[in-house]
Amino acid sequence: EAVERARKFGIEVFNVFLSQEPITEDIEQTIHNIYGQFALFVEGVEHLPSHLSPLLKKLLLKSL
């Protein structure tokens, strides 16, 4: 609900789910239900830059 309200005010909200363990399908589905296409799942901090860059680019292009 808070995510929807923020988006109505033009605030972009995204989630980065960072885990050292495998991410279960249940967790992934729950996060997608809240954040939609702006949900990012990263298994291992070493993969964060390669996953985060495309999301930030998408948000930047959307704001232009």
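The values are calculated or read from the model by the stated rules, or taken from the named source; none is laboratory data. Just so you know, these numbers come straight off a predicted model, no measurement behind them. All Cβ positions, even for glycine, are placed from backbone atoms using ideal geometry, and neighbour counts span all protein chains on display.
Among the residues in the range 34-41, are any modelled with pLDDT under 95, out of contact with any Asp or Glu (no Cβ under 7 Å at 6 or more places or on another chain) and assigned to a strand (DSSP E or B)? Checked against the condition, which is being modelled with pLDDT under 95, out of contact with any Asp or Glu (no Cβ under 7 Å at 6 or more places or on another chain) and assigned to a strand (DSSP E or B), the range 34-41 yields at least one hit. Summed over the range 30-40, residues that are closer than 14 Å to Leu56 by Cα and either acidic (Asp, Glu) or surrounded by 14 or more Cβ atoms within 10 Å (Cβ to Cβ) (or both) total 3.
Pairs linking a residue in the range 1-26 that is under 21 Å from Val42 (Cα atoms) to a residue that is in a loop (DSSP other than H, G, I, E, B), with Cβ atoms under 9 Å and 6 or more positions apart or on different chains, are Val3/Val13; Phe17/Ile23; Leu18/Gly44; Ser19/Gly44; Gln20/Gly44.
Scanning the range 5-33 for residues that are of a type in the set (Phe, Trp, Tyr) and either assigned to a strand (DSSP E or B) or within 13 Å of the chain's Cα centre (by Cα) (or both), we see that the one that is modelled with the highest pLDDT is Phe17.
For the range 42-64: of the residues being surrounded by 12 or more Cβ atoms within 10 Å (Cβ to Cβ) and in contact with a strand residue (DSSP E or B) (Cβ under 7 Å, 6 or more places away or on another chain), which is modelled with the lowest pLDDT? Checked the range 42-64; the qualifying residue modelled with the lowest pLDDT is Leu55.
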